[in-house]
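The values are calculated or read from the model by the stated rules, or taken from the named source; none is laboratory data. Note that the coordinates shown come from a computational prediction; the quantities given were computed from them, not determined experimentally. In this analysis, Cβ positions are derived from the backbone assuming ideal geometry, glycine residues included, and neighbour counts consider all displayed protein chains.
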Amino acid sequence: MLGLKLPTDPRWVNIVEKNIEDILTDHAWCEQKAASTAVSLIVSFPEYTDLIQEMIALVKEEISHFKMVHDKILERGWILGRDRKDEYVAQILSFFPKGGSRTTQLIHRLLYAALIEARSCERFRLLSEQLEDRELAEFYRKLMVSEANHYTMFLGFARKYGDRTEVDQKWNDLLSFEADVMKNLSKHQSIHG
């Protein structure tokens with residue numbers, strides 16, 4: 001369903017198991033960035049009313065997820081650590097050239113968002129199936145469903161606003177690029193890396 005061309009190395013979960021505090025901190029910041037992305041789309045493309053309505057709902061949902069992850073951190077007696085650079089996202093954002101028409105910029109941003117949500121969904125599925133901490137595994141199972149919905153929403157908007165053939169080609173090219181990026185990741189205690 002997700003279309004990802006390279007699955008996460010299952011050994012990534014072993015890294016997570018040994019670094020739960022770091023993963024939860026990274027995850028919290030990912031949720032905050034997802035909310036920020038939705039706000040940015042509202043600010044940048046206010047003329048797309050249907051997109052704006054969905055982004056308003058998404059901001060609320062992502063901030064509620066941030067709170068849920070933050071609560072997990074506090075329940076374990078930890079505090080939210082500082083945000084760290086997301087190497088995965090940095091590499092993915094280098095794929096499309098800068099500039100182009102407003103519509104092209106919007107399509108690219110929607111495709112980036114769809115891909116990040118798809119990879120998050122895939123990672124959350126792994127965590128839900130393989131974490132020994134069953135309470136945390138169940139937490140990730142519930143979040144996995146949300147990520148899948150976000151992925152399909154962003155991809156659907158890209159296809160709605162752009163030429164379907166062109167959008168699908170860009171999407172396929174982005175998936176291939178992402179597979180190359182993933183070959184060098186899955187070695188760190190972060191949601192995407």
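Some observations on this one:
- Unmet criterion (only one of (1) more than 19 Å from the chain's Cα centre (by Cα); (2) free of Cβ contacts under 8 Å to residues at least 24 places away in the same chain; (3) within 18 Å of Asp26 (Cβ to Cβ); (4) assigned to a helix (DSSP H, G or I)) for Ser128: (1)
- Among the residues of the range 146-183, those identified as of a type in the set (Asp, Glu) and either within 28 Å of Ser128 (Cβ to Cβ) or not in a helix (DSSP H, G or I) (or both) are Glu147, Asp163, Glu178, Asp180.
- Just one of the numbered conditions (1) of a type outside the set (Asp, Glu); (2) under 18 Å from Leu185 (Cα atoms); (3) not in a helix (DSSP H, G or I) is not true of Ala118: (3).
- Residues in the range 2-40 that are part of a helix (DSSP H, G or I) and among the hydroxyl-bearing types (Ser, Thr, Tyr): Thr25, Ser36, Thr37, Ser40.
- Qualifying residues in the range 5-59 (those that are among the hydroxyl-bearing types (Ser, Thr, Tyr) and over 30 Å from Arg102 (Cα atoms)) - the one modelled with the lowest pLDDT: Thr8
So that you can scan it fast, the table gives a plain yes or no per residue for (1) assigned to a loop (DSSP other than H, G, I, E, B); (2) of a type in the set (D, E, K, R); (3) without any contact (Cβ under 8 Å) to a residue 12 or more places away in the chain; (4) crowded, with 19+ Cβ neighbours inside 10 Å:
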position: Ser64; (1), (2), (3), (4): no, no, yes, no
position: Leu74; (1), (2), (3), (4): no, no, yes, no
position: Gly100; (1), (2), (3), (4): yes, no, yes, no
position: Ile107; (1), (2), (3), (4): no, no, no, yes
position: Arg141; (1), (2), (3), (4): no, yes, no, no
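- Matching residues in the range 14-40 - criterion: being surrounded by 17 or more Cβ atoms within 10 Å (Cβ to Cβ) and aliphatic (A, V, I, L, M): Ile15, Val16, Ile20, Ile23, Leu24, Ala28, Ala34, Ala35, Ala38
- Extreme residue, surrounded by the most Cβ atoms within 10 Å (Cβ to Cβ), among residues of the range 152-193 that are modelled with pLDDT under 95 and among the small types (Gly, Ala, Ser): Ser190
- The range 76-98: number of residues that are surrounded by 15 or more Cβ atoms within 10 Å (Cβ to Cβ) and charged (D, E, K, R): 2
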